[in-house]
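What follows is a set of notes on a single structure, which appears directly below.
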Amino acid sequence: MFLKPPSNKKQNKISGTFAVKFKTMYFELIFNSFAVDDLTSQDIIKILIQSREFSSKHSISGCLLYHNKEFLQILEGDEKVILDFFEVLCKDKRHSHVTLIHQERVEKKIFPNWSMAFKELSDEDMTKLHNYINLHEFNNLMSTIEKPTTAKQLFGFISQSILKD
């Protein structure tokens, strides 16, 4: 009697040995923060350029949303790189009240083709989103959600629907 190999193993028909297929795991982190009062649009462009350069160099992807002095960002990639980068971001003087919303290991990135997508949300965008979620209440919502993957799905829905415009 022959046993079937587990689904994550592939049998080599010639040698009869098994090769284990490992899934690539990524780490994602979602946070929000508030821009300092004197942050200019030029400063935001510099942040985005620096973020894209760092992200490209370290195979990080993600999305940065900005509205009315508030940032909401997702970072995806290697866990150590993301956590080290987040530590640096927390010390950045261009924003304050950095709040970690969500972090977990995942099998799939939401933004695999973006070093750092960006959208400055207009008041019109916010009105469109109001039926789904108020970004200013995002942290309160996250504290009531039992499954952290819901945060990822919610962020993906919000950011991808805006980026389609």
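What follows draws every value from the coordinates through simple rules; no lab data is involved. This is a predicted model, so every value here is computed, not measured. Because the Cβ atoms are built from the backbone with ideal geometry, glycine has one as well, and the counts that use them run over all protein chains shown.
With neighbour counts taken as other beta-carbon atoms within 10 Å, the residues VAL88, VAL36 rank, fewest first, as VAL88, VAL36.
Here region 22-61 is scanned for amide nitrogen atoms under 20 Å from the site 7 Å beyond the Cα of ASN68 along Cα-to-Cβ, giving 31-41, 44. Using θ = phi - 60° in the Karplus curve 6.51 cos²θ - 1.76 cosθ + 1.60, the 3J(HN,Hα) couplings for region 105-111 round to 7, 9, 8, 9, 7, 7, 10 Hz; x is entered for Gly and Pro.
Give me ARG52, ARG94, ARG105 sorted ascending by neighbouring Cβ count inside 10 Å, so fewest comes first. Don't skip to the end; give the middle numbers.
On the way: ARG52 18, ARG94 15, ARG105 9.
By the 10 Å Cβ count, ascending, the order reads ARG105, ARG94, ARG52.
Less than 5 angstrom separates the built amide H of GLU104 from those of GLU28, all sequence-distant by 5 or more or on a different chain. Consider a paramagnetic label point 7 Å from the Cα of VAL88 along Cα→Cβ; state which residues of region 31-56 have an amide N under 16 Å from it. Counting backbone N atoms under 16 Å from the label point, the list is 46-56.
Look at GLU70, GLU28, GLU87, GLU120 and count the other Cβ atoms within 10 Å of each Cβ; fewest to most, that gives GLU87, GLU120, GLU70, GLU28.
Amide H contacts for GLU70 (H built 1.01 Å from N in the peptide plane; partners 5 or more residues away or on another chain; cut-off under 5 Å): ALA35.
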